[in-house]
RNA sequence: GUCAGAGUAGCUCAGCUGGUUAGAGCACAGGAUUCAUAACCCUGAGGUCGGGAGUUCAAGUCUCCCCUCUGACACCA
(Lines give C-alpha, C1' and ligand atoms only; values in the text may rest on other atoms or scores of the structure.)
Protein backbone atom coordinates (compact mmCIF):
# COMPACT_ATOMS: atom_id res chain seq x y z
CA UNK A 1 0.00 0.00 0.00
CA UNK A 2 1.40 3.32 -1.03
CA UNK A 3 1.51 6.00 1.62
CA UNK A 4 0.70 9.33 0.00
CA UNK A 5 1.19 12.58 1.83
CA UNK A 6 1.03 16.17 0.71
CA UNK A 7 2.11 19.58 1.84
CA UNK A 8 -0.11 22.46 0.80
CA UNK A 9 0.69 23.80 -2.64
CA UNK A 10 2.29 27.03 -1.59
CA UNK A 11 1.01 30.24 -3.04
CA UNK A 12 3.80 31.91 -4.95
CA UNK A 13 2.79 35.43 -4.17
CA UNK A 14 5.99 35.94 -2.24
CA UNK A 15 9.21 34.23 -1.24
CA UNK A 16 8.99 31.15 0.97
CA UNK A 17 8.75 31.87 4.68
CA UNK A 18 9.46 29.82 7.74
CA UNK A 19 5.87 28.65 7.99
CA UNK A 20 5.97 26.77 4.71
CA UNK A 21 9.40 25.48 5.62
CA UNK A 22 8.00 24.16 8.88
CA UNK A 23 5.17 22.30 7.17
CA UNK A 24 7.52 20.88 4.61
CA UNK A 25 10.05 19.71 7.18
CA UNK A 26 7.34 17.97 9.17
CA UNK A 27 6.07 16.24 6.06
CA UNK A 28 9.59 15.27 5.17
CA UNK A 29 10.05 13.59 8.53
CA UNK A 30 6.80 11.71 8.06
CA UNK A 31 7.66 10.75 4.50
CA UNK A 32 11.05 9.47 5.56
CA UNK A 33 9.54 7.48 8.37
CA UNK A 34 6.98 5.88 6.09
CA UNK A 35 9.63 5.14 3.51
CA UNK A 36 11.88 3.48 6.07
CA UNK A 37 8.97 1.60 7.50
CA UNK A 38 6.81 0.62 4.56
CA UNK A 39 8.76 1.41 1.50
CA UNK A 40 6.19 2.77 -0.89
CA UNK A 41 5.63 6.48 -0.42
CA UNK A 42 4.63 9.39 -2.60
CA UNK A 43 5.49 12.70 -1.01
CA UNK A 44 3.85 15.55 -2.87
CA UNK A 45 4.61 19.21 -2.61
CA UNK A 46 4.42 22.07 -5.04
CA UNK A 47 3.12 25.51 -5.77
CA UNK A 48 -0.13 27.23 -6.57
CA UNK A 49 0.49 29.84 -9.21
CA UNK A 50 -2.81 31.33 -10.30
CA UNK A 51 -5.06 34.12 -9.20
CA UNK A 52 -5.48 37.79 -9.33
CA UNK A 53 -3.12 38.48 -6.48
CA UNK A 54 -0.26 36.97 -8.41
CA UNK A 55 -1.34 38.77 -11.53
CA UNK A 56 -1.16 42.09 -9.75
CA UNK A 57 2.09 41.35 -7.98
CA UNK A 58 3.62 40.60 -11.34
CA UNK A 59 2.23 43.81 -12.77
CA UNK A 60 3.83 45.76 -9.96
CA UNK A 61 7.13 44.12 -10.70
CA UNK A 62 6.54 44.85 -14.38
CA UNK A 63 7.03 41.28 -15.41
CA UNK A 64 4.63 38.70 -16.76
CA UNK A 65 2.79 36.49 -14.30
CA UNK A 66 4.56 33.50 -15.75
CA UNK A 67 7.97 35.06 -15.18
CA UNK A 68 6.98 35.87 -11.64
CA UNK A 69 5.81 32.32 -11.03
CA UNK A 70 8.90 30.83 -12.59
CA UNK A 71 11.06 32.89 -10.33
CA UNK A 72 9.28 32.23 -7.05
CA UNK A 73 8.63 28.60 -7.85
CA UNK A 74 12.26 27.93 -8.46
CA UNK A 75 13.05 29.60 -5.16
CA UNK A 76 10.81 27.06 -3.48
CA UNK A 77 12.28 24.19 -5.36
CA UNK A 78 15.83 25.26 -4.57
CA UNK A 79 15.01 25.87 -0.95
CA UNK A 80 13.54 22.42 -0.51
CA UNK A 81 16.59 20.97 -2.15
CA UNK A 82 18.95 22.76 0.17
CA UNK A 83 16.94 21.63 3.18
CA UNK A 84 17.24 18.07 1.95
CA UNK A 85 13.51 17.62 1.51
CA UNK A 86 12.74 14.21 0.06
CA UNK A 87 9.71 15.12 -2.03
CA UNK A 88 8.82 12.76 -4.84
CA UNK A 89 6.72 15.25 -6.77
CA UNK A 90 6.87 18.98 -7.08
CA UNK A 91 3.78 20.12 -8.90
CA UNK A 92 3.19 23.50 -10.50
CA UNK A 93 -0.31 24.56 -11.34
CA UNK A 94 0.97 26.28 -14.46
CA UNK A 95 2.06 22.90 -15.81
CA UNK A 96 0.08 22.12 -18.99
CA UNK A 97 -0.76 18.72 -17.51
CA UNK A 98 -2.59 20.49 -14.75
CA UNK A 99 -4.87 22.34 -17.14
CA UNK A 100 -5.73 19.05 -18.75
CA UNK A 101 -6.56 17.52 -15.41
CA UNK A 102 -8.60 20.46 -14.16
CA UNK A 103 -10.75 20.50 -17.26
CA UNK A 104 -11.24 16.77 -17.03
CA UNK A 105 -12.24 17.05 -13.41
CA UNK A 106 -14.57 19.90 -14.23
CA UNK A 107 -16.33 17.80 -16.85
CA UNK A 108 -16.94 15.11 -14.27
CA UNK A 109 -18.35 17.52 -11.77
CA UNK A 110 -20.50 19.07 -14.45
CA UNK A 111 -21.74 15.66 -15.52
CA UNK A 112 -22.81 15.09 -11.94
CA UNK A 113 -24.98 18.15 -12.25
CA UNK A 114 -22.98 20.08 -9.68
CA UNK A 115 -22.14 23.12 -11.77
CA UNK A 116 -24.67 25.90 -11.91
CA UNK A 117 -24.32 29.52 -12.85
CA UNK A 118 -25.26 32.30 -10.55
CA UNK A 119 -24.74 35.92 -9.97
CA UNK A 120 -22.28 37.11 -7.39
CA UNK A 121 -22.23 40.71 -6.31
CA UNK A 122 -20.44 42.34 -3.45
CA UNK A 123 -17.28 43.95 -2.19
CA UNK A 124 -14.22 42.01 -3.12
CA UNK A 125 -10.70 42.09 -1.70
CA UNK A 126 -8.06 41.13 -4.21
CA UNK A 127 -5.57 40.47 -1.44
CA UNK A 128 -7.85 37.90 0.14
CA UNK A 129 -9.27 36.78 -3.20
CA UNK A 130 -12.66 36.82 -1.61
CA UNK A 131 -15.95 38.59 -1.23
CA UNK A 132 -16.48 40.43 2.02
CA UNK A 133 -19.68 40.80 3.98
CA UNK A 134 -19.74 44.59 3.87
CA UNK A 135 -23.22 45.88 2.98
CA UNK A 136 -23.84 46.83 -0.61
CA UNK A 137 -24.40 50.47 0.20
CA UNK A 138 -21.15 50.82 2.15
CA UNK A 139 -19.08 53.85 1.19
CA UNK A 140 -15.56 52.91 0.09
CA UNK A 141 -15.07 49.99 2.48
CA UNK A 142 -11.61 48.62 3.11
CA UNK A 143 -10.35 45.17 3.89
CA UNK A 144 -9.62 44.79 7.58
CA UNK A 145 -6.77 42.40 6.85
CA UNK A 146 -5.08 44.19 4.00
CA UNK A 147 -6.10 47.76 4.80
CA UNK A 148 -6.83 48.24 1.14
CA UNK A 149 -9.98 49.47 -0.56
CA UNK A 150 -12.44 46.80 -1.59
CA UNK A 151 -13.59 46.60 -5.17
CA UNK A 152 -17.23 46.35 -6.19
CA UNK A 153 -17.90 43.28 -8.26
CA UNK A 154 -20.98 42.14 -10.08
CA UNK A 155 -20.23 38.91 -11.83
CA UNK A 156 -21.86 35.98 -13.43
CA UNK A 157 -19.99 33.03 -11.93
CA UNK A 158 -20.16 29.31 -11.98
CA UNK A 159 -21.01 27.69 -8.68
CA UNK A 160 -20.27 24.31 -7.28
CA UNK A 161 -23.27 22.78 -5.57
CA UNK A 162 -21.65 22.09 -2.26
CA UNK A 163 -25.05 22.15 -0.59
CA UNK A 164 -25.93 18.82 -2.15
CA UNK A 165 -23.21 17.14 -0.10
CA UNK A 166 -24.38 18.24 3.31
CA UNK A 167 -25.10 14.76 4.59
CA UNK A 168 -21.96 13.13 3.26
CA UNK A 169 -19.68 15.84 4.57
CA UNK A 170 -21.37 15.85 7.93
CA UNK A 171 -20.76 12.13 8.21
CA UNK A 172 -17.19 12.55 7.07
CA UNK A 173 -16.19 15.18 9.59
CA UNK A 174 -17.97 13.25 12.30
CA UNK A 175 -15.34 10.53 11.92
CA UNK A 176 -12.70 10.85 14.57
CA UNK A 177 -9.80 9.88 12.37
CA UNK A 178 -10.48 12.29 9.55
CA UNK A 179 -9.54 15.63 11.06
CA UNK A 180 -6.45 15.97 13.20
CA UNK A 181 -5.49 17.16 15.68
CA UNK A 182 -8.66 16.48 17.66
CA UNK A 183 -8.73 20.04 18.95
CA UNK A 184 -9.71 21.32 15.52
CA UNK A 185 -12.54 18.91 14.83
CA UNK A 186 -15.29 20.74 16.55
CA UNK A 187 -14.92 23.97 14.67
CA UNK A 188 -15.22 22.18 11.37
CA UNK A 189 -18.21 20.22 12.59
CA UNK A 190 -19.89 23.38 13.73
CA UNK A 191 -19.24 24.98 10.41
CA UNK A 192 -20.75 22.11 8.51
CA UNK A 193 -23.69 21.95 10.87
CA UNK A 194 -24.59 25.52 9.98
CA UNK A 195 -25.48 24.29 6.54
CA UNK A 196 -23.27 24.26 3.48
CA UNK A 197 -23.74 26.81 0.76
CA UNK A 198 -22.69 26.58 -2.84
CA UNK A 199 -19.49 28.38 -3.67
CA UNK A 200 -18.21 29.98 -6.81
CA UNK A 201 -15.50 28.26 -8.76
CA UNK A 202 -14.94 30.68 -11.59
CA UNK A 203 -13.98 34.30 -12.02
CA UNK A 204 -14.42 36.70 -14.89
CA UNK A 205 -11.89 39.47 -15.42
CA UNK A 206 -9.08 37.36 -14.04
CA UNK A 207 -6.91 36.47 -16.95
CA UNK A 208 -4.21 34.74 -14.88
CA UNK A 209 -5.99 31.48 -14.37
CA UNK A 210 -7.07 28.35 -16.12
CA UNK A 211 -9.83 28.81 -18.69
CA UNK A 212 -13.16 27.17 -17.98
CA UNK A 213 -14.27 25.07 -20.95
CA UNK A 214 -17.41 26.35 -22.67
CA UNK A 215 -17.39 29.59 -20.71
CA UNK A 216 -15.25 32.12 -22.52
CA UNK A 217 -13.89 34.78 -20.24
CA UNK A 218 -14.14 32.59 -17.17
CA UNK A 219 -11.14 31.25 -15.39
CA UNK A 220 -11.22 28.80 -12.51
CA UNK A 221 -11.12 30.24 -9.06
CA UNK A 222 -7.71 29.52 -7.58
CA UNK A 223 -8.99 27.21 -4.89
CA UNK A 224 -10.76 24.98 -7.36
CA UNK A 225 -7.65 24.48 -9.39
CA UNK A 226 -5.11 24.43 -6.60
CA UNK A 227 -6.56 21.47 -4.73
CA UNK A 228 -6.56 19.53 -7.94
CA UNK A 229 -2.82 19.98 -8.04
CA UNK A 230 -2.54 17.02 -5.68
CA UNK A 231 -4.06 14.82 -8.34
CA UNK A 232 -1.94 16.26 -11.11
CA UNK A 233 1.12 15.51 -9.03
CA UNK A 234 0.17 11.89 -8.52
CA UNK A 235 -0.53 11.36 -12.20
CA UNK A 236 2.85 12.80 -13.06
CA UNK A 237 4.51 9.40 -12.83
CA UNK A 238 5.34 9.15 -16.48
CA UNK A 239 1.84 8.06 -17.44
CA UNK A 240 -1.08 9.95 -18.92
CA UNK A 241 -3.09 12.63 -17.19
CA UNK A 242 -6.16 10.53 -16.76
CA UNK A 243 -8.31 10.59 -13.66
CA UNK A 244 -9.13 6.93 -14.12
CA UNK A 245 -5.54 6.04 -13.35
CA UNK A 246 -5.54 7.68 -9.95
CA UNK A 247 -6.11 4.53 -7.93
CA UNK A 248 -2.87 3.10 -9.29
CA UNK A 249 -0.94 6.26 -8.52
CA UNK A 250 -1.34 6.57 -4.80
CA UNK A 251 -4.78 8.14 -4.51
CA UNK A 252 -6.44 8.53 -2.05
CA UNK A 253 -3.88 10.38 0.00
CA UNK A 254 -3.11 9.03 3.44
CA UNK A 255 -2.85 12.52 4.80
CA UNK A 256 -2.95 16.13 3.67
CA UNK A 257 -0.78 18.16 6.00
CA UNK A 258 -1.81 21.81 6.01
CA UNK A 259 -1.80 24.92 8.14
CA UNK A 260 -4.81 25.38 10.37
CA UNK A 261 -5.98 28.34 8.30
CA UNK A 262 -6.97 26.21 5.35
CA UNK A 263 -8.46 23.29 7.19
CA UNK A 264 -11.92 23.96 5.90
CA UNK A 265 -10.92 23.84 2.29
CA UNK A 266 -9.36 20.47 2.78
CA UNK A 267 -11.87 18.98 5.17
CA UNK A 268 -15.08 20.26 3.62
CA UNK A 269 -14.85 21.74 0.13
CA UNK A 270 -12.28 19.35 -1.22
CA UNK A 271 -14.01 16.13 -0.20
CA UNK A 272 -17.24 17.40 -1.72
CA UNK A 273 -15.48 18.10 -5.00
CA UNK A 274 -14.04 14.61 -4.96
CA UNK A 275 -17.41 13.05 -4.21
CA UNK A 276 -18.87 14.91 -7.12
CA UNK A 277 -16.14 13.62 -9.40
CA UNK A 278 -16.61 10.08 -8.13
CA UNK A 279 -13.18 9.87 -6.53
CA UNK A 280 -12.22 8.45 -3.14
CA UNK A 281 -11.57 10.78 -0.24
CA UNK A 282 -8.30 11.40 1.56
CA UNK A 283 -7.94 9.44 4.79
CA UNK A 284 -6.87 12.31 6.97
CA UNK A 285 -6.38 16.05 7.06
CA UNK A 286 -3.90 17.34 9.57
CA UNK A 287 -4.03 21.06 10.35
CA UNK A 288 -0.92 22.15 12.18
CA UNK A 289 -0.36 25.37 14.09
CA UNK A 290 1.49 28.54 13.31
CA UNK A 291 4.85 29.83 14.36
CA UNK A 292 5.41 33.05 16.20
CA UNK A 293 8.75 34.56 17.03
CA UNK A 294 9.59 35.57 20.57
CA UNK A 295 5.88 35.73 21.24
CA UNK A 296 5.05 37.96 18.32
CA UNK A 297 3.43 37.24 15.04
CA UNK A 298 5.99 37.21 12.26
CA UNK A 299 5.29 39.74 9.60
CA UNK A 300 6.82 42.22 7.27
CA UNK A 301 5.32 45.13 9.10
CA UNK A 302 7.06 44.09 12.30
CA UNK A 303 10.23 43.31 10.41
CA UNK A 304 10.73 40.15 12.43
CA UNK A 305 10.43 37.48 9.80
CA UNK A 306 12.88 34.63 10.02
CA UNK A 307 14.28 33.92 6.60
CA UNK A 308 14.58 30.16 6.13
CA UNK A 309 17.59 30.62 3.91
CA UNK A 310 19.52 32.55 6.54
CA UNK A 311 18.47 30.10 9.20
CA UNK A 312 19.73 27.20 7.15
CA UNK A 313 22.97 28.87 6.26
CA UNK A 314 23.84 29.91 9.78
CA UNK A 315 22.50 27.00 11.81
CA UNK A 316 22.20 24.06 9.51
CA UNK A 317 19.34 21.76 8.74
CA UNK A 318 19.76 19.42 11.73
CA UNK A 319 19.55 22.21 14.27
CA UNK A 320 16.44 23.78 12.80
CA UNK A 321 14.68 20.52 12.16
CA UNK A 322 15.38 19.38 15.69
CA UNK A 323 14.07 22.53 17.23
CA UNK A 324 10.89 22.63 15.20
CA UNK A 325 10.10 18.94 15.51
CA UNK A 326 11.27 18.37 19.04
CA UNK A 327 10.00 21.46 20.81
CA UNK A 328 6.63 22.09 19.25
CA UNK A 329 3.76 19.70 19.62
CA UNK A 330 2.81 19.25 15.98
CA UNK A 331 -0.65 20.69 15.68
CA UNK A 332 -0.24 23.36 18.31
CA UNK A 333 1.07 26.84 17.68
CA UNK A 334 4.73 27.26 18.43
CA UNK A 335 7.02 30.09 19.37
CA UNK A 336 10.51 30.43 17.95
CA UNK A 337 12.75 31.64 20.75
CA UNK A 338 16.34 32.03 19.80
CA UNK A 339 17.76 31.32 23.25
CA UNK A 340 15.74 28.17 23.60
CA UNK A 341 16.65 27.14 20.09
CA UNK A 342 20.33 27.40 20.98
CA UNK A 343 19.84 25.70 24.35
CA UNK A 344 18.03 22.73 22.94
CA UNK A 345 20.29 22.19 19.98
CA UNK A 346 23.39 22.42 22.14
CA UNK A 347 22.09 20.38 25.03
CA UNK A 348 20.28 17.68 23.14
CA UNK A 349 22.23 17.29 19.97
CA UNK A 350 25.77 18.39 20.77
CA UNK A 351 26.05 17.54 24.47
CA UNK A 352 23.72 14.66 25.12
CA UNK A 353 23.79 12.78 21.82
CA UNK A 354 26.97 13.99 20.15
CA UNK A 355 29.10 13.75 23.24
CA UNK A 356 27.67 10.35 24.09
CA UNK A 357 28.97 9.01 20.82
CA UNK A 358 32.26 10.77 21.20
CA UNK A 359 33.05 9.65 24.71
CA UNK A 360 31.95 6.07 24.16
CA UNK A 361 33.77 5.61 20.93
CA UNK A 362 36.90 7.13 22.44
CA UNK A 363 36.89 4.70 25.35
CA UNK A 364 36.22 1.69 23.18
CA UNK A 365 39.01 2.64 20.82
CA UNK A 366 41.43 3.36 23.60
CA UNK A 367 40.97 0.11 25.49
CA UNK A 368 39.71 -2.31 22.87
CA UNK A 369 41.91 -1.91 19.83
CA UNK A 370 39.93 0.72 17.97
CA UNK A 371 37.02 -1.69 17.71
CA UNK A 372 33.61 -2.61 19.08
CA UNK A 373 34.24 -4.54 22.32
CA UNK A 374 32.89 -8.01 23.02
CA UNK A 375 29.22 -7.94 23.80
CA UNK A 376 29.08 -10.62 26.46
CA UNK A 377 25.94 -10.26 28.54
CA UNK A 378 25.18 -6.99 26.79
CA UNK A 379 24.04 -8.89 23.72
CA UNK A 380 21.00 -10.03 25.64
CA UNK A 381 17.72 -8.20 25.10
CA UNK A 382 17.33 -8.29 28.88
CA UNK A 383 20.28 -5.99 29.42
CA UNK A 384 18.88 -2.83 31.05
CA UNK A 385 19.84 -0.52 28.20
CA UNK A 386 18.41 -2.96 25.70
CA UNK A 387 15.04 -2.66 27.32
CA UNK A 388 15.23 1.11 27.28
CA UNK A 389 16.09 0.93 23.60
CA UNK A 390 13.18 -1.29 22.85
CA UNK A 391 10.84 1.08 24.67
CA UNK A 392 12.22 3.99 22.71
CA UNK A 393 11.74 2.19 19.44
CA UNK A 394 8.13 1.42 20.24
CA UNK A 395 7.44 4.97 21.33
CA UNK A 396 9.04 6.44 18.24
CA UNK A 397 7.04 4.18 15.95
CA UNK A 398 3.75 4.94 17.62
CA UNK A 399 4.49 8.62 17.71
CA UNK A 400 5.55 8.89 14.09
CA UNK A 401 2.35 7.21 12.96
CA UNK A 402 0.37 10.01 14.56
CA UNK A 403 2.71 12.82 13.53
CA UNK A 404 3.75 13.32 17.15
CA UNK A 405 7.26 14.34 16.30
CA UNK A 406 7.83 15.83 19.71
CA UNK A 407 7.06 12.61 21.49
CA UNK A 408 9.31 10.71 19.12
CA UNK A 409 12.17 13.14 19.62
CA UNK A 410 11.87 13.01 23.37
CA UNK A 411 11.92 9.23 23.38
CA UNK A 412 15.14 9.21 21.40
CA UNK A 413 16.64 11.76 23.72
CA UNK A 414 15.64 9.70 26.74
CA UNK A 415 17.51 6.74 25.34
CA UNK A 416 20.64 8.86 24.94
CA UNK A 417 20.24 10.15 28.49
CA UNK A 418 19.88 6.61 29.78
CA UNK A 419 23.02 5.61 27.92
CA UNK A 420 24.95 8.53 29.40
CA UNK A 421 23.62 7.56 32.80
CA UNK A 422 24.76 3.99 32.32
CA UNK A 423 28.27 5.20 31.65
CA UNK A 424 28.30 7.33 34.74
CA UNK A 425 26.88 4.52 36.84
CA UNK A 426 29.36 1.93 35.65
CA UNK A 427 32.33 4.31 35.26
CA UNK A 428 34.41 2.29 32.80
CA UNK A 429 37.30 4.75 33.17
CA UNK A 430 37.87 3.78 36.78
CA UNK A 431 37.08 0.11 36.42
CA UNK A 432 39.61 -0.22 33.64
CA UNK A 433 42.23 0.57 36.24
CA UNK A 434 41.23 -2.47 38.24
CA UNK A 435 42.46 -5.88 37.22
CA UNK A 436 40.00 -8.44 35.88
CA UNK A 437 37.32 -5.90 35.02
CA UNK A 438 37.97 -5.76 31.31
CA UNK A 439 35.19 -8.08 30.25
CA UNK A 440 32.64 -6.18 32.31
CA UNK A 441 33.80 -2.88 30.88
CA UNK A 442 33.56 -4.34 27.39
CA UNK A 443 29.94 -5.28 28.02
CA UNK A 444 29.01 -1.84 29.25
CA UNK A 445 30.71 -0.10 26.38
CA UNK A 446 29.12 -2.45 23.90
CA UNK A 447 25.70 -1.72 25.35
CA UNK A 448 26.23 2.01 25.22
CA UNK A 449 27.57 1.90 21.68
CA UNK A 450 24.59 -0.17 20.72
CA UNK A 451 22.20 2.29 22.32
CA UNK A 452 23.98 5.05 20.42
CA UNK A 453 23.59 3.16 17.19
CA UNK A 454 19.86 2.95 17.83
CA UNK A 455 19.72 6.64 18.67
CA UNK A 456 21.34 7.31 15.31
CA UNK A 457 18.97 5.00 13.53
CA UNK A 458 15.85 6.31 15.21
CA UNK A 459 16.91 9.82 14.33
CA UNK A 460 16.90 8.99 10.63
CA UNK A 461 13.42 10.24 9.73
CA UNK A 462 13.77 13.38 11.84
CA UNK A 463 17.37 14.40 11.22
CA UNK A 464 18.65 12.37 8.30
CA UNK A 465 21.99 14.15 8.10
CA UNK A 466 22.92 13.83 11.74
CA UNK A 467 21.69 10.26 11.69
CA UNK A 468 24.05 9.39 8.88
CA UNK A 469 26.98 11.04 10.63
CA UNK A 470 26.34 9.13 13.83
CA UNK A 471 26.03 5.83 12.04
CA UNK A 472 29.12 6.52 10.01
CA UNK A 473 31.17 6.93 13.17
CA UNK A 474 29.92 3.59 14.32
CA UNK A 475 31.04 2.05 11.07
CA UNK A 476 27.45 1.68 9.93
CA UNK A 477 25.76 2.60 6.64
CA UNK A 478 23.04 5.26 6.66
CA UNK A 479 19.47 4.20 7.37
CA UNK A 480 17.85 2.40 4.48
CA UNK A 481 15.03 0.04 3.60
CA UNK A 482 16.25 -2.47 6.18
CA UNK A 483 15.63 0.11 8.89
CA UNK A 484 13.14 -2.02 10.83
CA UNK A 485 15.47 -4.99 10.94
CA UNK A 486 18.37 -2.90 12.09
CA UNK A 487 16.33 -1.54 14.95
CA UNK A 488 16.81 -4.82 16.80
CA UNK A 489 19.20 -4.80 19.75
CA UNK A 490 22.60 -6.31 19.11
CA UNK A 491 23.30 -5.06 15.62
CA UNK A 492 26.88 -4.02 16.26
CA UNK A 493 29.49 -6.65 15.50
CA UNK A 494 32.12 -7.09 18.16
CA UNK A 495 35.56 -6.57 16.76
CA UNK A 496 34.43 -4.36 13.90
CA UNK A 497 36.51 -1.25 13.52
CA UNK A 498 35.45 2.07 15.04
CA UNK A 499 36.55 5.12 13.10
CA UNK A 500 38.30 7.93 14.92
CA UNK A 501 35.53 10.09 16.38
CA UNK A 502 35.05 13.74 15.66
CA UNK A 503 32.11 15.82 16.87
CA UNK A 504 28.99 15.02 14.86
CA UNK A 505 27.21 18.15 15.98
CA UNK A 506 28.76 21.55 16.53
CA UNK A 507 27.36 23.81 19.18
CA UNK A 508 25.50 26.84 17.94
CA UNK A 509 26.99 30.12 18.88
CA UNK A 510 24.89 33.02 17.78
CA UNK A 511 25.90 36.38 19.11
CA UNK A 512 23.29 38.36 17.27
CA UNK A 513 19.63 37.79 16.61
CA UNK A 514 18.95 35.85 13.46
C1' G B 1 -22.43 38.60 19.93
C1' U B 2 -22.58 32.93 19.10
C1' C B 3 -19.62 28.56 19.32
C1' A B 4 -14.97 26.03 20.54
C1' G B 5 -10.48 25.80 23.30
C1' A B 6 -7.00 27.48 26.93
C1' G B 7 -5.42 29.68 31.79
C1' U B 8 -0.49 24.39 36.30
C1' A B 9 7.01 26.13 38.80
C1' G B 10 10.95 32.21 35.78
C1' C B 11 9.90 30.09 30.50
C1' U B 12 7.47 26.03 27.29
C1' C B 13 4.26 22.49 28.54
C1' A B 14 2.51 16.85 30.72
C1' G B 15 -1.17 15.64 34.09
C1' C B 16 -6.50 9.63 30.83
C1' U B 17 -12.31 8.09 32.89
C1' G B 18 -11.57 12.60 40.49
C1' G B 19 -7.62 9.20 45.10
C1' U B 20 -0.77 8.73 48.46
C1' U B 21 3.87 14.59 49.81
C1' A B 22 1.26 18.10 41.56
C1' G B 23 5.41 16.17 37.08
C1' A B 24 9.10 16.99 32.63
C1' G B 25 12.45 19.95 29.67
C1' C B 26 15.02 24.66 29.61
C1' A B 27 16.95 28.37 32.91
C1' C B 28 18.98 28.68 38.16
C1' A B 29 21.91 26.71 42.73
C1' G B 30 24.91 22.92 44.92
C1' G B 31 27.53 18.26 44.62
C1' A B 32 30.15 14.25 42.15
C1' U B 33 33.39 12.90 38.16
C1' U B 34 37.41 13.12 34.33
C1' C B 35 36.14 8.62 29.30
C1' A B 36 34.29 12.87 26.34
C1' U B 37 32.49 18.54 22.22
C1' A B 38 34.46 23.12 29.72
C1' A B 39 30.75 17.75 27.86
C1' C B 40 28.18 13.75 31.18
C1' C B 41 25.77 12.14 36.05
C1' C B 42 23.22 13.25 40.82
C1' U B 43 20.70 16.50 44.20
C1' G B 44 18.13 20.97 45.32
C1' A B 45 15.23 25.32 45.29
C1' G B 46 10.88 27.01 42.98
C1' G B 47 3.76 26.24 42.10
C1' U B 48 -2.57 28.67 47.50
C1' C B 49 -2.78 24.21 39.66
C1' G B 50 -6.79 32.26 36.80
C1' G B 51 -10.66 33.88 40.95
C1' G B 52 -15.07 32.38 43.79
C1' A B 53 -18.86 28.95 45.26
C1' G B 54 -20.57 23.89 45.18
C1' U B 55 -20.78 18.23 44.72
C1' U B 56 -17.76 14.34 47.20
C1' C B 57 -14.76 10.55 52.29
C1' A B 58 -11.49 12.85 48.41
C1' A B 59 -10.91 17.94 42.89
C1' G B 60 -5.61 20.58 39.05
C1' U B 61 -9.12 16.63 37.48
C1' C B 62 -16.76 17.12 38.02
C1' U B 63 -20.93 21.39 38.29
C1' C B 64 -22.16 26.70 38.36
C1' C B 65 -20.64 31.94 38.25
C1' C B 66 -16.81 35.57 37.17
C1' C B 67 -12.00 37.32 34.94
C1' U B 68 -8.25 36.92 30.99
C1' C B 69 -6.41 35.04 26.40
C1' U B 70 -6.77 32.42 21.62
C1' G B 71 -9.38 30.50 17.47
C1' A B 72 -13.80 29.79 14.24
C1' C B 73 -18.23 32.21 12.47
C1' A B 74 -17.88 30.86 3.95
C1' C B 75 -15.21 31.21 -0.27
C1' C B 76 -8.08 33.81 4.05
C1' A B 77 -2.57 28.43 0.08
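Across region A:423-438, what is the total count of residues that are more than 10 Å from RNA strand B (Cβ to nearest atom) and either part of a loop (DSSP other than H, G, I, E, B) or surrounded by fewer than 13 Cβ atoms within 10 Å (Cβ to Cβ) (or both)?
4
From A:396, A:448, A:441, which residue is in contact (Cβ under 8 Å) with a residue 60 or more places away in the chain, over 21 Å from residue A:474 (Cα atoms) and assigned to a helix (DSSP H, G or I)?
Result of the check over A:396, A:448, A:441: A:396.
Going by the conditions given, is residue A:176 in a strand (DSSP E or B) and either modelled with pLDDT of 75 or more or not assigned by TED's automatic domain parsing to the domain that holds residue A:115 (or both)?
It is false that residue A:176 is in a strand (DSSP E or B) and either modelled with pLDDT of 75 or more or not assigned by TED's automatic domain parsing to the domain that holds residue A:115 (or both).
Those residues that are part of a helix (DSSP H, G or I), away from RNA strand B (no atom under 15 Å from the Cβ) and in contact with a helix residue (DSSP H, G or I) (Cβ under 9 Å, 6 or more places away or on another chain), I need them from region A:242-274; list them, please.
A:243, A:245, A:246
Would you check if residue A:189 is part of a helix (DSSP H, G or I), within 13 Å of RNA strand B (Cβ to nearest atom), surrounded by fewer than 18 Cβ atoms within 10 Å (Cβ to Cβ) and assigned by TED's automatic domain parsing to the domain that holds residue A:42?
yes
Mind listing whichever residues of region A:400-422 are part of a loop (DSSP other than H, G, I, E, B) and either surrounded by fewer than 19 Cβ atoms within 10 Å (Cβ to Cβ) or touching a strand residue (DSSP E or B) at 6+ places or on another chain (Cβ under 6 Å) (or both)?
Correct list: A:402, A:403.
Where in region A:276-378 are the helices (runs of 4 or more DSSP H), entirely inside, with at least 2 residues that are within 15 Å of RNA strand B (Cβ to nearest atom), closer than 23 Å to residue A:414 by Cβ and at pLDDT 90 or above?
Of the helices (runs of 4 or more DSSP H) lying wholly inside region A:276-378, those with at least 2 residues that are within 15 Å of RNA strand B (Cβ to nearest atom), closer than 23 Å to residue A:414 by Cβ and at pLDDT 90 or above span A:317-327, A:338-344, A:355-367.
Among the listed residues A:177, A:214, identify the single one that is without any contact (Cβ under 8 Å) to a residue 60 or more places away in the chain, more than 12 Å from RNA strand B (Cβ to nearest atom) and exposed (fewer than 13 other Cβ atoms within 10 Å of the Cβ).
A:214
Across region A:14-28, what is the number of residues that are out of contact with any strand residue (DSSP E or B) (no Cβ under 8 Å at 6 or more places or on another chain) and either farther than 22 Å from residue A:68 by Cα or not in a helix (DSSP H, G or I) (or both)?
Selection size over region A:14-28: 4.
Taking residue A:54 and the conditions (1) over 24 Å from residue A:220 (Cα atoms); (2) surrounded by 16 or more Cβ atoms within 10 Å (Cβ to Cβ), which numbered condition does it fall short on, given that it satisfies the others?
(1)
Answer with yes or no whether residue A:9 is buried (at least 22 other Cβ atoms within 10 Å of the Cβ) and either over 24 Å from residue A:321 (Cβ atoms) or under 20 Å from the mean Cα position of the chain (by Cα) (or both).
Yes, satisfied.
Go through region A:100-122 and count every residue that is in a strand (DSSP E or B) and on the phi > 0 side of the Ramachandran plot.
1
Identify the residue in region A:42-66 that is in a helix (DSSP H, G or I) and touching a helix residue (DSSP H, G or I) at 6+ places or on another chain (Cβ under 7 Å) and, among all such residues, is nearest to residue A:20 (Cα to Cα).
Only one residue tops the list, namely A:54.
The values are calculated or read from the model by the stated rules, or taken from the named source; none is laboratory data. Note that the structure is a prediction, hence the values are computed from the model and not measured. So basically every Cβ, Gly included, is an ideal-geometry build from the backbone, and we count neighbours across all protein chains shown.
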